[in-house]
Amino acid sequence: MTIPGLGILKGLRQTARNYWSPKVTNQYPESRPTMPDRWRGRLDLIYDPFGEHKCEVCFQCAQVCPVEAIDMSGFDSTGKRIRYGLPEIYDERKDPNAYRRAGLPAAPMRNAARWDEEVDTSWLHGVIDGFGGRPEALVAIFSAVEERYGYLPERALREVSERMSIHWAQIFGAAGLGGFRLLPADGHLVTVCTCAACSFAGGGALLEALCADLGIQPGETTADGSVSLAVADDVAAGALSPALRIDTMVYGPLSVEKARHVVAQRRKAPARSKAAAGTAS
Amino acid sequence: MTSEVKIPDPLDLDRDEEARLRRVAGMAPERAPAGEYAGFESVGLPERPPQTEREREVYSLEEGEMLVNMGPQHPSTHGVMRLVVKVRGEVVTDVDPVLGYLHRGIEKLCEEATYTTVLTYVDPMDYLSSMHNEHAPAIAFEKLFGVTAPKRAEYIRALVVELNRVFSHSLMMGFLALDMGGITPILYGFINRDEIVDMLSAISGQRMLFNFFRVGGVNFDANDEFFSRLGTWRGHVLKNVEMSERVITDNEVFRSRTIGMGTLSGRDAIALGVSGPNLRASGVPFDIRKAHPYSIYPELEFEVITQPGGDSNARYLQRIAEIKQSINLIDQIVDKMPHGAVQAQVPGIIRPKPGRAYAAVESPRGLYSVYAISDGGPNPYRFRMRDPSFVSLQAIPKLMPGRLIADTMAVMASFDPVMGGVDK
Amino acid sequence: MDFDLLLGVLRFLLATTLILVLTIPTAFVVIQMELKIIAGSQLRYGPNRIGPWGMFQSTIHGFKVLAKEDHIPDQADRATFTLAPWMVYMAAAMSMLVIPFAPGAIAADFNIGIVYFFAVLGLSVVGLLVAGWASYNKYSLLGGLRSAAQMVSYEIPLTLSVVGVVVLAGTLNFRELIEWQRAHGWMLIWQPVALVIFYIASLAEINRTPFDMVEADSELVAGPFTEYSGMRFGFFFFAEYVALFIMSGIMISLFFGGWLAPWPFPDQLDGFIGTVYGVLWFFIKTYIFIAIAVLLRATLVRVRVDQLMGMAWKVLLPLAMVNLIVTAVAVLVFKL
């Protein structure tokens, strides 16, 4: 049982005084607090005392991120570019929207086909379920998709990730490393292996012969678009050296003559299987 | 349209159906006869016979009594704790705190971690007094390993520990008012805390879970940034504390809700194991910094403060007095701080000889102690922490009977438990 | 048809509609004041992003409440569940009819205005009880009962303190009361004890801190409004703030001169400008008292239920009775 009195008035006086006092709130986006030098909360890549980034681009953080918020690319010790996502994204972040926002002239997207194409999801689900949805069958599923579409559309990869409940980052990793094509193309992709075993077994001569035959260098496509040439060092295991891969099929061990013959033969055949012949790409 | 899912009402089932479902759910096949284990299902416990005498006492209802659940989701600020309150009308007759909602298995985790990693695991236990959480294991491990921290490190440790005490007590003032409906003092407490935490982030790199202590010293030396922030803060801290005090201490409504509530006599407090400001507010002059001195406290001058009374108001006033005492201690420490190294030379992975060590510190909630057993390997064999909030909660069932429900939270807030420490 | 009667009815309808429409902006303004004043006393800015100085925050809150899901518990009694918010809101709106904003601007100038006001205000008690009962939730029921007990026990000192004022002024009509204050000076000089009792009791009537045990959120239950969501809860919410406005308005009408301006300014002007002048002063005084009530909410802790009831019956009621007796005797003796 209380009768209010002076104590309450004292409190009221303090509160009223505070109403007229300067406030202590930090109005965040307009005024950022200065964090001390030692503060560990910054999202920064840190440098070692020699001025090099301490990050080794081991991809562990990106693989383990539960919301897939990390993309990365970097150079490995031999100077080659390694990347985690679709290679085409990482060539440069030439997103036209970003350019427009920055007020720069926007180059058209090189990979426009990726974003607004449709993928036959029911067929894809059929393929996945045909393998029982097992993660070991991922490469086989990729092969099937590439056979149908000629490359791996990003939409299809997203579907696979959803359906098989495999982390998107791992799908990317498997697609990037497995030698699959990630850009649409009409012709065949001929990948010549340049691993150590194939190089010792004469893969260099193979590559030169093919370049001369087709008239293109690795990374280019012939004038009629039927064959693209690429090199990779993970086409086959050492026993098949020297090896080459056309689309998804690996051929080896080959001599120069046999390689030229195989490429010429495959060049004549249509790039897509009959089932996919009627589909738009 | 999707079809409606009909959830069967248990009252609709016939006996066989109900028995089958109960078996499937792992419950007893039949409901317990009313009256004997009657109180259990209304508070969400499975129907089973009571397993201890105390449980039988709490969960057996007399005529006119009711079990009410003050559930784990409290708007109150201590953390997740469930209180099963047995009430007759508005009057509480018994209280059973149900703990464990914040259990993170820290003691077990520490058995798999190296000694230095243990110091990072113990931070989030009693998250409002992180430095104390780290201090006790650091002392224990130093005893095990046989290393002494350099003098400057000990002074820095005492400094951050006292700063931690200041902001923990400031927050308690706010929580006490908040649990009773006063929405302002908590914000003043947080203003104080924010400044101190900025200071501590200048020295340790983090604002909350500091990870500052190491076996053999501290991680970083105190730099100019830290001391300049400390100086600025010291200039106006007493005014801040007074600002908070002015709103509540003399407030008649506050006084009527805390004076005479939750009175704990000194004898009862000692019997229950309550320690720290709660014990000293009941008149018992026991302060570990004086009774079993550690670190550099023998070199500092301070008296043990007590309050007569032992009620909520006394516990509140005790904490205000301790804030002022801590500020005084901080002044002395800054005055006397020597130069030197801040970390002794210890190997990367510490392998103490087999043995046991115990270390106790005075945390803002009471006696916080660590008992570590080493078997010679890189991980502790056993790492046991004794948290003061856990023990203070035992006092609640002793104090509550005869009071109203509304007082439950107010009295509990005056003990200032932090569930992180209770549940580890 | 009597032309005057028609005009009177038309005027009444217009006034009633205006009052109903005005309750919502009033609630918005009061809520905005509460947000900013409590924030200021806590040394923070409060809402300052929506609109200049955050002016539109409470409006956005109102629209947000409209957009929420309207959920009725399965076993709740739908009719009474729907009825309860209306009752509480109507109590607030109807009592706004007699508030004397300005000499020509009273919606309903009843001769028994004061009695009407307190009678209608009691309707909100019924609304709360109905809300607690219709929710099919024992905690809501308990909360509703507690709230009803609190409001009923504080109505008695509230009305008793006003009876002293009425005895002095000799009229139950708000307009005449303010005329009396114009002639004799503001009522607070004559009835200071009644003012104190009225203020405390009015805070308890509208469930404001320190008497908001019922809707306390660190207590056991969330009160009778637990099961309400969306606009139904919005009605309760608005009704509370409209009631705060109304109580402050009535308090200044009874004790602080209503629409009369304080000393250095002329009391009252004539004609249309007089109405505007009166309304302006009415609002200034009302909002000052609302600000005081909000500041009390920022500063004080809650009074416990038994202390609350104890204070009503053991302190305020006897004081109010004593005040009444002394006033009556004084009126008789001094022939006021």
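The values are calculated or read from the model by the stated rules, or taken from the named source; none is laboratory data. These numbers come from a predicted model, not from an experiment. Ideal geometry is used to build each Cβ from the backbone, glycine not excepted, and the neighbour counts take in all protein chains shown.
Annotations
- Residue list for the stretch B:49-97, restricted to those being over 16 Å from B:ALA413 (Cα atoms), part of a loop (DSSP other than H, G, I, E, B) and either more than 14 Å from every other protein chain (Cβ to nearest Cβ) or in contact with a Phe, Trp or Tyr (Cβ under 8 Å, 6 or more places away or on another chain) (or both): B:PRO49, B:PRO50, B:GLN51, B:THR52, B:SER60, B:LEU61, B:GLU62, B:GLU63, B:GLY64, B:GLU65
- Selection status of B:THR306, touching a Gly at 6+ places or on another chain (Cβ under 8 Å), surrounded by fewer than 20 Cβ atoms within 10 Å (Cβ to Cβ) and of a type in the set (S, T, N, Q): no
- In the stretch B:174-190, the residue that is surrounded by the fewest Cβ atoms within 10 Å (Cβ to Cβ) out of those that are without any contact (Cβ under 8 Å) to a residue 60 or more places away in the chain and facing another protein chain (nearest Cβ under 7 Å) is B:ILE183.
- Any hit, the stretch A:3-18, residues being modelled with pLDDT under 75, surrounded by 10 or more Cβ atoms within 10 Å (Cβ to Cβ) and within 14 Å of another protein chain (Cβ to nearest Cβ): yes
- If the condition is being under 21 Å from C:GLN42 (Cβ atoms), facing chain A (nearest Cβ under 10 Å) and hydrophobic (A, V, I, L, M, F, W, C), then the stretch B:191-215 contributes only B:ILE191.
Matching residues to (1) of a type in the set (Gly, Ala, Ser); (2) over 22 Å from the mean Cα position of the chain (by Cα); (3) surrounded by 21 or more Cβ atoms within 10 Å (Cβ to Cβ):
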{"position": "B:PRO97", "(1), (2), (3)": "no, no, no"}
{"position": "B:HIS103", "(1), (2), (3)": "no, no, no"}
{"position": "B:CYS110", "(1), (2), (3)": "no, no, yes"}
{"position": "B:TYR127", "(1), (2), (3)": "no, no, no"}
{"position": "B:ALA140", "(1), (2), (3)": "yes, no, yes"}
{"position": "B:ASN164", "(1), (2), (3)": "no, no, yes"}
{"position": "B:HIS169", "(1), (2), (3)": "no, no, yes"}
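- Hits in the stretch B:98-131 (condition: touching a helix residue (DSSP H, G or I) at 6+ places or on another chain (Cβ under 6 Å) and not in a loop (DSSP other than H, G, I, E, B)): B:ILE106, B:LEU109, B:CYS110, B:TYR115, B:VAL118, B:LEU119, B:TYR121, B:TYR127, B:LEU128, B:SER129, B:MET131
- Some residue of the stretch C:98-107 being in a helix (DSSP H, G or I), without any contact (Cβ under 8 Å) to a residue 40 or more places away in the chain and within 16 Å of the chain's Cα centre (by Cα): no
- Residue, surrounded by the fewest Cβ atoms within 10 Å (Cβ to Cβ), within the stretch B:309-332, restricted to residues that are within 22 Å of the chain's Cα centre (by Cα) and assigned to a loop (DSSP other than H, G, I, E, B): B:ASP311
- Within the stretch B:216-250, considering residues that are at the interface with chain A (Cβ under 10 Å from one of its Cβ atoms), without any contact (Cβ under 8 Å) to a residue 40 or more places away in the chain and touching a helix residue (DSSP H, G or I) at 6+ places or on another chain (Cβ under 6 Å), the one nearest to B:ALA158 (Cα to Cα): B:PHE226
- Residue match in the stretch C:261-276 (condition: surrounded by 20 or more Cβ atoms within 10 Å (Cβ to Cβ) and either in contact with a strand residue (DSSP E or B) (Cβ under 6 Å, 6 or more places away or on another chain) or at pLDDT 85 or above (or both)): no
- For the stretch C:293-318, a residue qualifies if it is under 28 Å from C:MET33 (Cβ atoms) and either more than 8 Å from every other protein chain (Cβ to nearest Cβ) or of a type in the set (Phe, Trp, Tyr) (or both), and the qualifying residues are C:ALA293, C:VAL294, C:LEU308, C:ALA312, C:LEU316.
- Filter pass, B:LYS398 being in contact (Cβ under 8 Å) with a residue 12 or more places away in the chain, within 30 Å of B:THR93 (Cβ to Cβ) and either away from chain C (no Cβ under 14 Å) or more than 22 Å from the chain's Cα centre (by Cα) (or both): yes
- Hits in the stretch C:192-216 - residues which are more than 11 Å from the chain's Cα centre (by Cα), part of a loop (DSSP other than H, G, I, E, B) and of a type outside the set (Val, Ile, Thr): C:PRO210, C:PHE211, C:ASP212, C:ALA216
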